[in-house]
1. Scanning for something farther than 17 Å from LYS161 by Cα, of a type outside the set (A, V, I, L, M, F, W, C) and part of a strand (DSSP E or B), does the stretch 93-104 turn up at least one residue?
2. Of a type in the set (Phe, Trp, Tyr), exposed (fewer than 14 other Cβ atoms within 10 Å of the Cβ) and within 19 Å of the chain's Cα centre (by Cα), is that true of PHE87?
3. State all residues of the stretch 146-189 that are surrounded by 12 or more Cβ atoms within 10 Å (Cβ to Cβ), of a type in the set (Lys, Arg) and modelled with pLDDT under 95; if no residue qualifies, say none.
4. Condition first: small (Gly, Ala, Ser) and either surrounded by 14 or more Cβ atoms within 10 Å (Cβ to Cβ) or assigned to a helix (DSSP H, G or I) (or both). Now tell me which residues in the stretch 111-137 satisfy that.
5. Looking at (1) without any contact (Cβ under 8 Å) to a residue 24 or more places away in the chain; (2) assigned to a helix (DSSP H, G or I); (3) closer than 30 Å to ILE60 by Cβ, find the lone condition where ARG140 falls short.
Amino acid sequence: MMNMSEMDELKKRVELLSREVEELKKIVYGKPKESFSMDVSRGVGKAVSKFLEDSGEESIFVCAGVIKEDGKVKDSWSFDYSLDEVFEIHPSRIVRLLSPLTSEQRIKILRIILRKRPISMSQLSEETGLEGGELYHHLRELMRRDFIRLIKRGTYAITPKGEIALIVASGMAFAWEPSLEEELENKDK
């Protein structure tokens, strides 16, 4: 376990990592997926490696993000955890968290709400092609798991939990899942 001064130091480093996210986006943006590496000599990896060397901790995982709109930081978040904490999480918690993300329709809804927040049910219907009970079913599931919230009758906004889950899962898919073009290319071989 970390003492308070180690926790304070870790928090400072996580804040620094959050600011470095924008710089990392410049490094990664526009390059083919295969050019992205987990090279610890750059940015976040370097800071985390340095922290581990200095702290004596066995492992640490950091997840952070910054969203800018119109040139200004609109939202930022970060959290960290150890490998021991990963093993302490009951599998049912992971399943509960990920279950809303197992529907393409719900992913589309989250993306639309993230991009055009807040948004009315009629706008969602128009953009998704879903109507009535079918749309309401997906909205209800997303609200039940606290991925979106009703801000006034018929108008929805994404929650921080929904925003982060969508962005992190999308980043993982970008890094590890082949694109449709790659899948089609591999089928032809």
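The values are calculated or read from the model by the stated rules, or taken from the named source; none is laboratory data. These numbers come from a predicted model, not from an experiment. We place every Cβ from the backbone using ideal geometry, glycine too, and count neighbours over all the protein chains shown.
1. No, the stretch 93-104 contains no residue that is farther than 17 Å from LYS161 by Cα, of a type outside the set (A, V, I, L, M, F, W, C) and part of a strand (DSSP E or B).
2. Details: of a type in the set (Phe, Trp, Tyr): yes; exposed (fewer than 14 other Cβ atoms within 10 Å of the Cβ): yes; within 19 Å of the chain's Cα centre (by Cα): no.
When the stated conditions are applied, PHE87 does not pass them.
3. Residue satisfying the conditions is LYS161 alone.
4. Filtering the stretch 111-137 for residues small (Gly, Ala, Ser) gives 120, 122, 125, 129, 132-133.
Once the filter is applied, which keeps residues that are small (Gly, Ala, Ser) and either surrounded by 14 or more Cβ atoms within 10 Å (Cβ to Cβ) or assigned to a helix (DSSP H, G or I) (or both), the stretch 111-137 yields SER120, SER122, SER125, GLY132, GLY133.
5. (3)
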